[in-house]
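Q: So that we are looking at the same thing, I have put the structure below in structure tokens.
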Amino acid sequence: MTPSRSRVRIALLAVCLLLPSSSGGEEPVSAEQLARDPHRPAYHFLPPKNWMNDPNGLIQIKGKYHIFYQHNPSAAVWGNMTWGHAVSEDMVHWKHLPFALHPDQPYDKGGVFSGCMVNDNGVATAVYTGVSPEVQCIATSRDMLKWEKFAGNPVIPGPPPGMKVTGFRDPCVWKQDGVWHMVVGSGIEGKGGTILLYKSKDLRQWDYIGPALVGDKDKTGPMWECPSFFPLGDKWILVISPYRPPIYMIGTFKEDHFTPELQGDVDLGGQFYAPLLFKDERERLIMFGWLQEAREKAEKAGWQGAQSLPRVITLGPDSRPRYAPAPEVNALRGEHARVEHVSVAPDSSGHVPGLRGNTLDLVAEIDPGEAETCGLVVCRSPDGAEQTRIFYDRKQKRLVGDRTKSSTNPAPKKDAPSAPLELAPGEPLRLRVLVDRSVIEVFANERTCLTLRIYPDRPDSTGVDCFATGGPCTVKSLDGWQMKSIWSDAKP
Ligand code: FRU
């Protein structure tokens, strides 16, 4: 072997050693390891293994709920974007189905990116972004199992000619007055995020109408990913993901223009992104969002990403959204414990000794009284070294999720994300806290959501408590249920 050949061999070997294996640079993680993983959620949807990001193609059709999702079938890192697929009777218990859409065509070989699903006279039609470059495509199915990509794809071969855009993806489609409408997530260079409006009679031939709304890049970012645009009460709601926590806008949609009247944050926990809305057969507006990981080297676990629980969105009397977990989630409730009328002195503990666990549904009604902060402690180790606090801060008028002590391990994020929450005089703090191992979803008074990812290191970090600082508060009631796994035979 000549010296140059052996150098090539050494170089090749080095490349092979550096190449990622199926879990993204780590040894593949076995199904048993995944099943034993104490941080893998038990009642939030996730694929059997590997990477997942955005929810896609949410639909209820012929009674059944379908979720599709951005998936890398071969590694626990982003890549090979494929539409994973699962079906459910109730949006809570899921059955995995074969992957629906693979990046196998010239127009989508760079990835089958996010999109939606519509019911075209009984034919399920996926409208998605094919990459590269970003183009809009469709695929149809009559049985939700065999998917056929349209021979005339892409149906929209690129952004409007001459327009300099920051992206062109994640179509949201609906039918209005007999005409299909589509908004595509985009951004006009130098101006800001935008949704571009198209119309069609048959989902195949699309006319560009114009931007339905252009944002200001300094306020709502240069690019709007994953727009969801739906009627809500007598208004419309637009939800966008501008490379930072998603934003909602409520307003009117007239003559092809959306005029926002109100704006707010959907979930400021920092790990909730790319939410997708859909209307089910009962006309409920429902949102799922991608729950990102919040720890270093997350790919080592062999999986990354979960979906939120289904959140039902309604319009409050103040024309702002209200969020509640779909009532179907209650079917997972098992063993129950309750405390009532507990007076919580500042900095005291041990108020709920009979309740422990890391898959819990907690419903609390708290009168803040004189307290400066008051709320719940979850995932607490007996010595308090590990604990996560969820509380109302009266002065700051915020709901806080404090995960600075959630784990003694240095890898997970240690911060205290918060979101605006102002209680009216005499209004109790109504908390719904859904703990599912590394996922915590918090709903406060149905108006403020905060999703946290936490990774306690200790198996005994399962305690629940109430707390107050600066003065006493009264826990009028606290109900806690042990939650069951959504997978019939334990875990996926
Ligand atoms: C949002 C997003 C989408 C895109 C997809 C790719 O998380 O970046 O804009 O379609 O993920 O996986």
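The values are calculated or read from the model by the stated rules, or taken from the named source; none is laboratory data. Since the structure is predicted, the reported quantities are computational estimates derived from the model, not experimental observations. Don't worry about glycine lacking a Cβ; one is built from the backbone with ideal geometry, like all the others, and counts go over all protein chains shown. Ligands, DNA and RNA are stripped out before the accessible areas are found, and what is left, the full protein with its side chains, is counted by its heavy atoms. Shrake-Rupley method; radii C 1.70, N 1.55, O 1.52, S 1.80 Å.
Q: So Ile188 passes all but one of these: (1) under 30 Å from Val77 (Cβ atoms); (2) among the hydrophobic types (A, V, I, L, M, F, W, C); (3) crowded, with 20+ Cβ neighbours inside 10 Å; (4) more than 16 Å from the ligand (Cβ to nearest atom). Which condition number does it fail?
A: The one condition Ile188 does not meet is (1).
Q: Oh, and also: Taking into account only those residues within segment 422-457 that are in contact (Cβ under 8 Å) with a residue 24 or more places away in the chain and open to solvent by 30 Å² or more (accessible area, probe 1.4 Å), which is nearest to Thr474 (Cα to Cα)?
A: So, considering only residues that are in contact (Cβ under 8 Å) with a residue 24 or more places away in the chain and open to solvent by 30 Å² or more (accessible area, probe 1.4 Å), the one nearest to Thr474 (Cα to Cα) is Arg430.
Q: Determine which member of the set Pro246, Pro222, Pro227 is touching a Leu at 6+ places or on another chain (Cβ under 7 Å) and within 16 Å of the ligand (Cβ to nearest atom).
A: Step by step, each of Pro246, Pro222, Pro227 is checked, and only Pro227 is touching a Leu at 6+ places or on another chain (Cβ under 7 Å) and within 16 Å of the ligand (Cβ to nearest atom).
Q: Only residues that are acidic (Asp, Glu) and without any contact (Cβ under 8 Å) to a residue 60 or more places away in the chain: list them for segment 235-267, please.
A: Glu255, Asp256, Glu261
Q: When the residues of segment 40-66 are narrowed to those that are away from the ligand (no atom under 15 Å from the Cβ) and closer than 19 Å to Val123 by Cβ, which ends up surrounded by the fewest Cβ atoms within 10 Å (Cβ to Cβ)?
A: That would be Gly63.
Q: I'd like to know if segment 110-132 contains one or more residues that are open to solvent by 70 Å² or more (accessible area, probe 1.4 Å), away from the ligand (no atom under 12 Å from the Cβ) and under 30 Å from Gly221 (Cβ atoms).
A: There is no residue in segment 110-132 that is open to solvent by 70 Å² or more (accessible area, probe 1.4 Å), away from the ligand (no atom under 12 Å from the Cβ) and under 30 Å from Gly221 (Cβ atoms).
Q: I would also like to ask the following. Mind listing whichever residues of segment 277-293 are open to solvent by 50 Å² or more (accessible area, probe 1.4 Å) and part of a strand (DSSP E or B)?
A: Passing the criteria: only Lys279.
Q: With respect to Asp479, determine if the residue is acidic (Asp, Glu), crowded, with 19+ Cβ neighbours inside 10 Å and not in a loop (DSSP other than H, G, I, E, B).
A: Criteria not met by Asp479.
Q: Please state which of the following conditions Gly270 fails to meet, knowing it meets all the rest: (1) under 17 Å from Cys116 (Cβ atoms); (2) part of a loop (DSSP other than H, G, I, E, B).
A: (1)
Q: Does segment 35-53 contain at least one residue that is modelled with pLDDT of 95 or more, part of a strand (DSSP E or B) and not hydrophobic (A, V, I, L, M, F, W, C)?
A: Scanning segment 35-53 turns up at least one residue that is modelled with pLDDT of 95 or more, part of a strand (DSSP E or B) and not hydrophobic (A, V, I, L, M, F, W, C).
Q: Moving to a separate point now. Check whether at least one residue in segment 353-360 is within 28 Å of Lys300 (Cα to Cα) and touching a Lys or Arg at 6+ places or on another chain (Cβ under 8 Å), and report yes or no.
A: Yes, there is a match, as at least one residue in segment 353-360 is within 28 Å of Lys300 (Cα to Cα) and touching a Lys or Arg at 6+ places or on another chain (Cβ under 8 Å).
Q: Out of (1) within 16 Å of the ligand (Cβ to nearest atom); (2) open to solvent by 10 Å² or more (accessible area, probe 1.4 Å), the odd one out for Glu296 is which?
A: Against the list (1) within 16 Å of the ligand (Cβ to nearest atom); (2) open to solvent by 10 Å² or more (accessible area, probe 1.4 Å), Glu296 comes up short only on (1).
Q: To continue, here is another question. Scan segment 116-123 and tell me whether some residue there is of a type outside the set (Gly, Ala, Ser), free of Cβ contacts under 8 Å to residues at least 12 places away in the same chain and in a strand (DSSP E or B).
A: no
Q: Read through the list (1) open to solvent by 50 Å² or more (accessible area, probe 1.4 Å); (2) in a loop (DSSP other than H, G, I, E, B); (3) away from the ligand (no atom under 14 Å from the Cβ), then give the number of the only condition that Thr259 fails.
A: (2)
Q: Separate question: Within segment 209-248, which residues are open to solvent by 60 Å² or more (accessible area, probe 1.4 Å) and closer than 28 Å to Asp280 by Cα?
A: Listed by number, the residues that qualify are Ile209, Gly233, Asp234, Tyr243, Arg244.
Q: Hey, another quick one. Looking only at segment 70-89, decide whether some residue is within 13 Å of the ligand (Cβ to nearest atom), in a strand (DSSP E or B), touching a Phe, Trp or Tyr at 6+ places or on another chain (Cβ under 8 Å) and open to solvent by 10 Å² or more (accessible area, probe 1.4 Å).
A: no
Q: Going by the conditions given, is Ser200 closer than 27 Å to Glu148 by Cβ and modelled with pLDDT of 95 or more?
A: When the stated conditions are applied, Ser200 passes them.
Q: Right, another one. Could you check segment 299-313 and list, in sequence order, the residues that are assigned to a strand (DSSP E or B) and open to solvent by 10 Å² or more (accessible area, probe 1.4 Å)?
A: Gln304, Val312 - these are the residues of segment 299-313 that are assigned to a strand (DSSP E or B) and open to solvent by 10 Å² or more (accessible area, probe 1.4 Å).
Q: So in segment 135-176, with the set limited to residues that are within 25 Å of Leu277 (Cβ to Cβ) and of a type in the set (Gly, Ala, Ser), which one is surrounded by the most Cβ atoms within 10 Å (Cβ to Cβ)?
A: Top of the filtered list is Ala139.
Q: Only residues that are more than 16 Å from the ligand (Cβ to nearest atom) and either under 26 Å from the mean Cα position of the chain (by Cα) or in a strand (DSSP E or B) (or both): list them for segment 137-180, please.
A: Matches in segment 137-180: Thr140, Ser141, Met144, Leu145, Trp147, Glu148, Lys149, Trp174, Lys175, Gln176, Val179, Trp180.
Q: Here's something else I'd like to know. Which strands (runs of 3 or more DSSP E) sit wholly inside segment 340-445 and have at least 2 residues that are touching a helix residue (DSSP H, G or I) at 6+ places or on another chain (Cβ under 9 Å)?
A: Once the strands (runs of 3 or more DSSP E) in segment 340-445 are filtered for at least 2 residues that are touching a helix residue (DSSP H, G or I) at 6+ places or on another chain (Cβ under 9 Å), what remains is 359-367.
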